[in-house]
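The structure appears right after this line, and notes come after that.
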Amino acid sequence: MPYPGIPDEAVKATDAQKIPLVERLCLYLMDASRSTPEYKKAKVHILTFFALLSNSQSDVHTHLLASTTVLPSLVFFLAQLTSAFWEDDEDLLSASPEEVFRQVLAK
């Protein structure tokens, strides 16, 4: 049922930006307090879901880009992973590649 006085294109754009499942997954991905191994696996699955979803169809890719939370949550999550590299953590800089890998996985 169309909304009175609002063009259909505007309704579709608004609806595409607020898909509840995508919104919840983005919030979950940005939650830095969840750091147990189960939550880390879940975050990997969320990233995989977004990757598969964005490659499934071109209109789905457009909807993800139109979302106001997908890209910011991905940037925030990647910033959490890489902050140790940008802050020149001395322990991380002098560690072996295996230790660096473990530290990144621990975050």
When you scan region 73-95, do you find a residue that is in contact with a helix residue (DSSP H, G or I) (Cβ under 9 Å, 6 or more places away or on another chain), at pLDDT 75 or above and among the charged types (D, E, K, R), even just one? no
Considering region 32-66 alone, what residues qualify as being within 14 Å of the chain's Cα centre (by Cα), part of a helix (DSSP H, G or I) and farther than 16 Å from V22 by Cα? Y39, K40, K41
Among the numbered criteria (1) at pLDDT below 85; (2) open to solvent by less than 40 Å² (accessible area, probe 1.4 Å), which one does K18 miss? (2)
Anything in region 31-54 that is of a type in the set (S, T, N, Q) and open to solvent by 50 Å² or more (accessible area, probe 1.4 Å)? List them, or say none. S33, S35, T36, T48
Can you name the residue in region 55-75 that is under 29 Å from Q103 (Cα atoms) and not hydroxyl-bearing (S, T, Y) and, of all such residues, is least open to solvent (accessible area, probe 1.4 Å)? V70
Which of the residues that make up region 67-96 are in a helix (DSSP H, G or I) and within 14 Å of the chain's Cα centre (by Cα)? V70, L71, P72, S73, L74, V75, F76, F77, L78, A79, Q80, L81
What pairs come up if the first residue lies in region 63-92 and is of a type in the set (F, W, Y), the second is open to solvent by less than 90 Å² (accessible area, probe 1.4 Å), and their beta carbons are under 6 Å apart, counting only those six or more places apart or on different chains? F76/M30; F77/L29
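The values are calculated or read from the model by the stated rules, or taken from the named source; none is laboratory data. Since this is a predicted model, take the numbers as computed values, not measurements. Neighbour counts run over all protein chains shown; Cβ positions are idealised from the backbone, glycine included. Just so you know, the surface numbers come from the protein's heavy atoms only, side chains and all, with ligands and any DNA or RNA stripped out. Shrake-Rupley method; radii C 1.70, N 1.55, O 1.52, S 1.80 Å.
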